[in-house]
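**Student:** Take a look at this one; I'll ask things after.
The values are calculated or read from the model by the stated rules, or taken from the named source; none is laboratory data. Since this is a predicted model, take the numbers as computed values, not measurements. Here the Cβ positions follow ideal geometry from the backbone for every residue, glycine too, while neighbour counts run over all protein chains shown.
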Amino acid sequence: MDYTAEYSMQERIVAVGLLTKRDLSLLGPTFDRAWPVEEAPAFSELLRAIDDADRLLKKETDPKRR
């Protein structure tokens, strides 16, 4: 069995957000995966990829373009 595929489906990313320290404190200790922007070396590329995916999704779901 391919455990890698099973793990990736259970642990897939469901949200990316920009939060302040106050936001993180409100989320509490159960929110345990946060990386400061200055420690994310490919952050600009990540934002670009999200924007590209969003544009593509809008293009594919726009009834005027079908």
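**Student:** Only one of these is more than 15 Å from the chain's Cα centre (by Cα) and at pLDDT below 85: Lys64, Lys58, Lys21. Name it. Before you say what the answer is, go through the steps one by one.
**Tutor:** Numbers: Lys58 fails: at pLDDT below 85; Lys21 fails: at pLDDT below 85.
Answer to the check: Lys64.
**Student:** For region 28-51, which positions are loosely packed, with under 11 Cβ neighbours inside 10 Å, under 14 Å from Ala15 (Cα atoms) and more than 13 Å from the chain's Cα centre (by Cα)?
**Tutor:** The one that is loosely packed, with under 11 Cβ neighbours inside 10 Å, under 14 Å from Ala15 (Cα atoms) and more than 13 Å from the chain's Cα centre (by Cα): Asp32.
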